[in-house]
């Protein structure tokens, strides 16, 4: 537009471009657009200035956002809320409080921004105090207000004692009509504190359920050690004709990896391909992990190659948090990755990882992985060497073998449900011999 074409950009063009810079976190491009705005004479346009504040806020430059704000002669609510978000988003709560106190009209968005910001840091008391002041000033609360309040209660370290703070529960009980977002927040909160029964009750009481509701239940069961129930919920979600997204697919793949059920994982892989999510990083990482846990290294390689935007370096940097079998797989993959091989820092991280595995006595398993050994699908000996033995102290003596090892989950009914599910979606699943 500013090159060969003689058409000059207007305030609509600038606001749209700044929004793109903010969404992609491209501060350098945003600053260039800012310079063009000044030279084009749009520095006094209120919508353009508000877009500039938003861009600098999302690109983690609150000082520049403040400079633009100060240059605005007639500020509106959007201007104030954008500057407030700039400080909250950058964790500068002292400056954010100063802006909040100076606002001539504290609208709903301003209150929600403050509550959500403190909620992300687990400041439950501050969130509740803000909420009470919000009610005192007769400002309307919406679904985002209550969701932020519930998230604050569940994320706070001091409240990780198996129950949600009584003040927060009373606030939710006082709401006459809960929205879908509020119901989802309750489900997620109950799951995070380990109260799966209350989460299930809230799930059934919710008048409407979307994919977020189902995914909260699936991830909650997986997080609380019931991967099989998580897979069942996924099957039931598909039966309700709800389309899965990348988060629900990635979560159920994690459940499959915990159960080390290759057959289930392959069926979910088929659904991911059908809906076009197999190339997404979250789903692809879940597939890589699932196949690795089940001993199918070829499947892991193929899933890794299908990922469009790979985040291998992130995994290499966080290698200490990964299980040994995942780290060995990443080493093997990285050895064939040209970008990794050409980067000395990444190469050194990988060599450190390899030495760690050799030092920990896993050299034999590493050689097996490098040779590309793939066990039979029905064999559990390979999986037993990779996965830790799980025991369930709450089970009765009759539910566990004498040696204390947990019995493998029964796959019959769930396997048939998944096969029927794939058949309904146009797949013909054939088990490998």
(request) Please go through the stretch 37-71 and pick out each residue that is surrounded by fewer than 17 Cβ atoms within 10 Å (Cβ to Cβ), farther than 16 Å from residue 95 by Cα and touching a helix residue (DSSP H, G or I) at 6+ places or on another chain (Cβ under 8 Å). (result) 43, 46, 47, 71
(message) Considering only the stretch 193-201, I want to know if a residue exists there that is over 19 Å from residue 151 (Cβ atoms), touching a residue at least 24 places away in the same chain (Cβ under 8 Å) and more than 15 Å from the chain's Cα centre (by Cα).
(response) no
(message) Whether any residue in the stretch 247-258 is farther than 21 Å from residue 227 by Cα, in contact (Cβ under 8 Å) with a residue 12 or more places away in the chain and under 20 Å from the mean Cα position of the chain (by Cα) is what I want to check.
(response) no
(request) Exactly one condition in (1) in a helix (DSSP H, G or I); (2) under 31 Å from the mean Cα position of the chain (by Cα) is not met by residue 33; state its number. (result) (2)
(request) Considering (1) out of contact with any helix residue (DSSP H, G or I) (no Cβ under 7 Å at 6 or more places or on another chain); (2) buried (at least 20 other Cβ atoms within 10 Å of the Cβ), say which one residue 260 fails and leave the rest. (result) (1)
(request) Select, from 231, 201, the only residue that is at pLDDT 90 or above and assigned by TED's automatic domain parsing to the domain that holds residue 286. (result) 231
(request) Just one of (1) under 20 Å from the mean Cα position of the chain (by Cα); (2) assigned by TED's automatic domain parsing to the domain that holds residue 286; (3) buried (at least 17 other Cβ atoms within 10 Å of the Cβ) trips up residue 243, so point out which. (result) (3)
(message) Out of 287, 312, I need the residue that is at pLDDT 55 or above and surrounded by 18 or more Cβ atoms within 10 Å (Cβ to Cβ). Which one?
(response) 287
(message) Suppose the filter is farther than 27 Å from residue 146 by Cα, buried (at least 20 other Cβ atoms within 10 Å of the Cβ) and touching a residue at least 24 places away in the same chain (Cβ under 8 Å); does residue 74 pass it?
(response) no
(message) Against the definition (crowded, with 20+ Cβ neighbours inside 10 Å, touching a helix residue (DSSP H, G or I) at 6+ places or on another chain (Cβ under 8 Å) and part of a loop (DSSP other than H, G, I, E, B)), how does residue 295 come out, yes or no?
(response) yes
(message) If a residue must be in a loop (DSSP other than H, G, I, E, B) and more than 31 Å from the chain's Cα centre (by Cα), how many such residues does the stretch 42-76 contain?
(response) 9
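The values are calculated or read from the model by the stated rules, or taken from the named source; none is laboratory data. What you are looking at is a predicted structure, and each value in this text was computed from that prediction instead of being measured. Quick reminder, even Gly has a Cβ in these numbers, built from the backbone with ideal geometry, and neighbours come from all protein chains shown.
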